[in-house]
Amino acid sequence: MESIYSLSLKDLEEYLSSHEEKAFHAKQLYRWIYDKRIDDFAMMSDISKHLLEKLQQDFTIDRLIIKEKQVSKDGTQKYLFELSDGCLIESVLMIFDYGFSVCVSSQVGCNMGCRFCASGLLKKQRNLTPGEIVLQVLMIQKELDQKDLRLGNIVVMGTGEPFDNYDNVMKAMNIINDPYGLKIGARHISISTCGLVPGIERFSKENLQYNLAISLHAPNNELRSSLMPVNNAYPLEELFQALKNYSKDNNRRLTFEYLLLKGINDEKEHVLQLKQLLKGMNAYINLIPYNTVKEKDYESSGEERALRFYDMLKKENVAVTLRTKKGDDIDAACGQLRANKLK
Ligand code: SAH
């Protein structure tokens, strides 16, 4: 049975219309589900018994199960959720000076096979449904409700490749963004892709206001292909052509994520290649400290080399930020908690 959390407001209106019900009940239902955050049809007191029975027959309203929760010294919280079929996924709540941010997963496992990443240790089992993506946010917001706090940002940077599950991710973001849904502004939602060009092309045409982030991690094809197999399918020339087209169609600033791997992509030559690559683009580089993964041989650049790389980029007038490390005392690297649990 489909989860009610998988339905956009429009889906719900269409469902109602096709069941001889008034479409305006959709907004009432959304209010119960996303404002009052009720997970029991029986409590929706302004909806007729007749309609509630129908809904109960056609949809589930179950939440996810919190299997485990790790809290880091810096406040980062990692959730391990169990889905209705027993699959496990992870979400992370991060606290920044600008507010609370949730990192959601888009798939169970991942097939992109990035060499440095823990998520790919476990191959993709299936796509997440829109409802399972929405529920990661709703569940964490429910916890924040107890302290009267509100989530401000969503990043689709957990396990999975969002553009390999395009429709479900976009529907979930629509529900999260909806003024009757979770009301998180489009500009506070970021979607990160390893560089699936067809997804980028599709996203460009939709003219959505979500931020687009690209996991770049290397400034030349040889190095990038050795780190990210996706580069064999969509090498830098193709990727950047798609991104330049995106920039033409959308007046939005692109983010390039760049993991700092000691001795691999953090040398002066990489600075110069990055400068060349990004020339003339409305974009900036977000340098990310690498969370070491036991099963992988890569080493983090460490603070000193990270700052050196940052300074070199600055000197070359490349727009750059250096992300602070979050949750490195818990299993915070993508897919780590889940991988350790399933072992
Ligand atoms: N598949 C998408 C989104 C999920 S990964 C993508 O590739 O963008 C989110 C980000 O975390 C990516 O930039 C990814 O390369 C990075 N990442 C993976 N493993 C990491 C690790 N151990 N430490 C820090 N970042 C990591």
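None of the figures in this text is laboratory data; all of them are computed from the coordinates on show. Computed from a predicted model, the values in this text were never measured in an experiment. Counting neighbours? That spans all protein chains shown, and the Cβs are built from the backbone with ideal geometry, glycine included.
Per q in 0.26 Å⁻¹, report the Debye log10 I(q)/I(0) for region 2-60, using one uniform scatterer on each alpha carbon and no solvent.
-1.27
Size of the dipole of the chain about the Cα centre, Lys and Arg at +1 and Asp and Glu at -1 on the beta carbon, nothing else charged, in debye to 20? Spell out each step's value before the answer.
Numbers: 46 positive and 47 negative charges, 156 e Å.
That gives a dipole near 740 debye.
Tell me the Rg and the Dmax, in Å, that the Cα atoms of region 99-175 produce.
Rg and Dmax of region 99-175, Cα atoms, are 13.2, 40 Å.
Ranked by Cβ crowding within 10 angstrom, fewest neighbours first, how are K275, K10 ordered?
With the sparsest Cβ surroundings first, the list reads K10, K275.
Taking 7 Å along the Cα-to-C-beta vector as the label spot, tell me the T60-I38 distance in nanometres, rounded to one decimal.
2.2
Cut-off under 24 Å on the C-alpha distance; same-chain residues fewer than 8 positions from K205 excluded. Which lysines are left, in chain and number order?
Of all the lysines, those that pass the test against K205 - Cα under 24 Å, at least 8 places apart if same chain - are K10, K171, K183, K244, K248, K279.
Among I89, I38, I176, which one shows the biggest mean-square fluctuation in a GNM of the chain, springs joining Cα atoms closer than 10 Å?
Result for the chain, Cα springs under 10 Å: I38 fluctuates most.
I'd like the distance separating the alpha-carbon centroids of region 50-90 and region 237-276, in whole Å.
Value for the Cα centre distance between the two parts: 36 Å.
Treating the angle as unsigned and between 0 and 90°, give the value, to the nearest 10°, between the Cα long axis of helix 49-58 and the longest Cα principal axis of the chain.
40
For all pairs of alpha-carbon atoms in region 170-256, what percent lies in each bin of width 5 Å, listed from the first bin to the last filled one?
Pair shares across the bins are 3, 14, 24, 21, 16, 11, 6, 3, 1, 0.
Angle, helix 302-315 long axis vs. longest principal axis of the chain, Cα atoms, 0 to 90°, nearest 10?
80
In whole Hz and in residue order, list the ³J(HN,Hα) couplings for region 119-136 that follow from phi through the Karplus curve 6.51 cos²θ - 1.76 cosθ + 1.60, θ = phi - 60°; x for Gly and Pro.
Residue by residue, region 119-136 yields 4, x, 4, 10, 5, 4, 9, 6, 6, 7, 6, x, x, 5, 6, 4, 5, 4 Hz.
Taking the convex hull of the alpha carbon atoms in the chain, what volume per residue do you get, in Å³? Mind showing how you got there, number by number?
Details: hull volume 46.1 nm³, N = 343.
Value for the chain: 134 Å³ per residue.
Residues of region 213-231 with the amide nitrogen closer than 18 Å to a label point 7 Å from the Cα of K123, along Cα-to-Cβ, please.
Output list for this probe position: 229-230.
Of the options L216, L138, Q56, report the single residue whose Cα projects farthest towards the positive end of the charge dipole of the chain (beta-carbon charges: Lys, Arg +1; Asp, Glu -1).
It is L216.
Angle check, please: helix 236-249 long axis (alpha carbons) against the longest principal axis of the chain (alpha carbons), in degrees 0 to 90, nearest 10.
For 236-249 against the chain, the angle is about 50 degrees.
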